[in-house]
Amino acid sequence: MTKTRKAACLLFLTAVILVACASAATPLPPASPTATVAPTATVQPTATTAPTQPPATSTPVTALPWWNDTVFYEAFVRSFADSTTGPLTNDGIGDLQGLIERLDYLNDGDPNTDADLGITGIWLMPVAQSPSYHGYDVTDYYTINADYGTNEDFKRLIEEAHARGIEVIVDLVLNHTSSEHPWFQQAADKNSPYHDWYIWSDEDPGTKGPWGQNVWHPLGDRWYYGIFSEGMPDLNYNNPAVTEEMLNVTRYWLEEMGVDGFRLDAIRHLYEDGAVLENAPQTFTWLSDFYDAYKSVKPDAFAVGEVWTNTETAAKYVGQKVDAVFEFDLATSIISSINNRDRSALAGALNTAQESFPPGQYAPFLTNHDQNRVMSQLAYKTDRAKLAATILLTLPGVPFIYYGEEIGMTGQKPDEKIRTPMQWTAGANAGFSDATPWQPLNPGYETVNVEVESADPDSLLSLYRTLIGLRNEHSALRQGTWIPVEADNRRVYAFLRQTPDETLLALFNLNDKPESEYVLSLTAGSLPAVAEVTELLHGVEVAAPALVDGAGQFSDYRPIETLAPRTGYIIRFTP
């Protein structure tokens with residue numbers, strides 16, 4: 001199980017051009033360690049690579065890149081697992097060794113086992129040096145946070161993950177640094193070469209940020225710009241030296257650390273254009289050059305952007321800027337439709353996503369580290385969480401799961417309460433560590449944990465394992481086209497996922513009661529003559545549709561006599 005891992009070293013191309021064209025560029029400060037390597041020949045980006053999960057049961061479709069064959073798992077290293085061996089053993093803080101020890105839970109590398117979750121990608125929240133617990137204020141882009149281990153530990157994690165067929169992407173914080181970063185510490189001096197790496201004003205401009213926050217912060221007799229907080233000053237990308245250094249950072253993680261790509265934090269804020277503090281035209285231009293740069297280093301590297309805004313705006317970032325973006329509107333709509341027992345929000349958001357993005361180039365999810373956990377938003381109802389999981393893992397795109405979501409962990413803001421330690425067992429400290437965890441555990445971990453749910457075939461965790469297994473097994477769920485199916489009952493929602501040799505029907509009852517008063521109609525797309533119909537998720541009895549002669553469509557179709565409350569089904573049509 002291999003992927004093309006070619007590398008070319010023209011990462012500096014964009015930055016060099018920018019520097020050459022700048023008539024009055026700031027003198028370039030000394031580069032960070034390992035920042036320069038002699039360039040080699042350019043390798044053009046490739047459109048597709050071999051999938052990383054077990055072979056599908058049907059002929060795979062190769063039109064989409066490897067990330068469309070991947071289910072990603074967002075892991076917060078600090079809260080995932082404390083190591084049981086090594087220098088950081090049982091200090092109450094999760095670390096890279098702890099993550100390595102738990103990799104087999106995520107994917108043991110053996111397609112013939114079913115005790116692992118089956119994910120094929122990991123997104124690591126920030127792992128570079130930082131003074132904060134969350135890591136989004138970086139003080140050294142080239143060094144692993146000492147709480148988590150060393151650079152060598154990280155390389156070993158990459159090796160162990162790849163051996164199991166798991167790709168690894170890391171958070172790359174481009175918009176800002178920590179106010180404790182040596183660059184910013186020197187930048188307060190107007191004569192420092194780092195001064196223009198940040199954005200300064202002699203007076204307080206008095207402007208507010210997009211959500212009404214203060215964005216100008218005092219330092220001495222001047223003011224600096226930081227859209228998120230005074231501890232996170234924004235980098236000045238009008239300075240070519242900043243671009244060059246951040247491209248150095250990008251190249252370092254791809255080549256030296258071996259990552260497979262990045263989650264790009266807060267990219268809609270990279271540039272400011274007067275009063276325009278997000279989605280500025282210069283941001284799109286910069287990201288286009290950045291795209292060329294990271295693809296020149298590793299043509300199959302994957303970059304998914306955090307663009308927390310409406311679908312129409314987020315979609316503008318995809319295509320020669322980043323490979324995909326997270327679909328926030330869709331995430332909200334899934335939860336809304338389940339809570340309201342009405343498909344309208346979900347159907348509208350998914351229609352918009354399908355119309356807005358290149359095929360499959362968006363990342364559906366339920367919640368992430370910045371939002372109240374999905375189980376809390378779903379009123380702590382396991383049946384709702386199961387339905388949400390079924391919807392997520394049958395959607396087009398590149399699905400992401402937030403750690404602990406698969407066992408039903410709960411949590412509401414402040415942020416520390418939605419980033420609590422992973423709940424492994426019913427024992428002391430939930431099996432996270434023998435020491436007192438850095439953050440108190442959520443109540444109820446005695447029953448909501450991996451150990452208990454692994455022993456229960458009807459648990460939320462067992463369903464996640466089944467759903468991910470089905471997605472890995474069926475190319476139609478990973479790379480198939482999406483075709484809407486009409487239902488005459490607003491509590492029922494359905495769509496087809498289809499490849500040339502496989503058609504699956506995803507069918508959902510959003511109601512908290514059984515539904516038998518419904519029929520489905522297919523007016524777009526077509527089905528081949530159906531010889532066999534099988535329900536893959538629950539094994540219930542299914543009727544075949546009566547196809548319209550020559551058209552491959554159907555109407556008045558009720559595949560399952562009565563749909564169970566808040567339940568999703570996956571139905572396979574075999575020609």
Gly360 vs (1) in a loop (DSSP other than H, G, I, E, B); (2) over 30 Å from Ala161 (Cα atoms); (3) within 17 Å of the chain's Cα centre (by Cα); (4) not aliphatic (A, V, I, L, M): all pass except (2)
Pull out all pairs, ordered by first then second residue, where Cβ-Cβ is under 9 Å, the residues are six or more apart or on different chains, the first lies in region 296-314 and is free of Cβ contacts under 8 Å to residues at least 40 places away in the same chain and open to solvent by less than 10 Å² (accessible area, probe 1.4 Å), and the second is among the hydroxyl-bearing types (Ser, Thr, Tyr) and part of a strand (DSSP E or B). none
Please tell me if Leu522 is on the phi < 0 side of the Ramachandran plot, in contact with a Lys or Arg (Cβ under 7 Å, 6 or more places away or on another chain) and buried (at least 19 other Cβ atoms within 10 Å of the Cβ). no
By residue number, the members of region 157-174 that are in contact with an Asp or Glu (Cβ under 6 Å, 6 or more places away or on another chain) and either closer than 18 Å to Ile227 by Cα or free of Cβ contacts under 8 Å to residues at least 24 places away in the same chain (or both) are Val173
Any residue at all in region 464-484 that's open to solvent by less than 30 Å² (accessible area, probe 1.4 Å), over 23 Å from the mean Cα position of the chain (by Cα) and over 30 Å from Leu96 (Cβ atoms)? yes
Being part of a loop (DSSP other than H, G, I, E, B) and either open to solvent by less than 10 Å² (accessible area, probe 1.4 Å) or free of Cβ contacts under 8 Å to residues at least 24 places away in the same chain (or both) is true for just one of Thr332, Thr394, Thr410. Which residue is that? Thr394
Would you confirm, using the coordinates I've provided, whether Ser132 is without any contact (Cβ under 8 Å) to a residue 60 or more places away in the chain, open to solvent by 10 Å² or more (accessible area, probe 1.4 Å), out of contact with any Ser or Thr (no Cβ under 6 Å at 6 or more places or on another chain) and within 20 Å of Val249 (Cβ to Cβ)? no
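Residue-wise test of (1) within 21 Å of Ala347 (Cβ to Cβ); (2) touching a residue at least 24 places away in the same chain (Cβ under 8 Å).
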residue: Leu496; (1), (2): yes, yes
residue: Leu504; (1), (2): yes, yes
residue: Leu507; (1), (2): yes, yes
residue: Ala524; (1), (2): yes, yes
residue: Val540; (1), (2): no, yes
residue: Ala543; (1), (2): no, no
residue: Ala551; (1), (2): no, yes
residue: Asp556; (1), (2): yes, yes
residue: Pro559; (1), (2): yes, yes
Out of region 258-287, which residues are in a helix (DSSP H, G or I) and within 21 Å of Val398 (Cβ to Cβ)? Ile267, Arg268, Leu287
Region 117-132, subset over 20 Å from the mean Cα position of the chain (by Cα) and not in a strand (DSSP E or B), residue farthest from Asp265 (Cα to Cα): Pro131
From the set of residues in region 525-548 that are exposed (fewer than 15 other Cβ atoms within 10 Å of the Cβ) and acidic (Asp, Glu), which is modelled with the highest pLDDT? Glu541
What pairs come out if I take residues in region 462-490 that are farther than 28 Å from Phe554 by Cα and pair them with residues that are part of a strand (DSSP E or B) whose C-beta lies under 9 Å away, six or more apart or interchain? Tyr464/Ile401; Ile468/Ile401
Criterion first (part of a strand (DSSP E or B) and either open to solvent by less than 10 Å² (accessible area, probe 1.4 Å) or touching a Phe, Trp or Tyr at 6+ places or on another chain (Cβ under 9 Å) (or both)) does Pro218 satisfy it? yes
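The values are calculated or read from the model by the stated rules, or taken from the named source; none is laboratory data. Note that the coordinates shown come from a computational prediction; the quantities given were computed from them, not determined experimentally. Cβ atoms come from the backbone with ideal geometry, glycine included; neighbour counts cover every protein chain shown. Quick note on the areas: whole protein, heavy atoms, side chains included, nothing else; ligands and nucleic acids left out. Shrake-Rupley method; radii C 1.70, N 1.55, O 1.52, S 1.80 Å.
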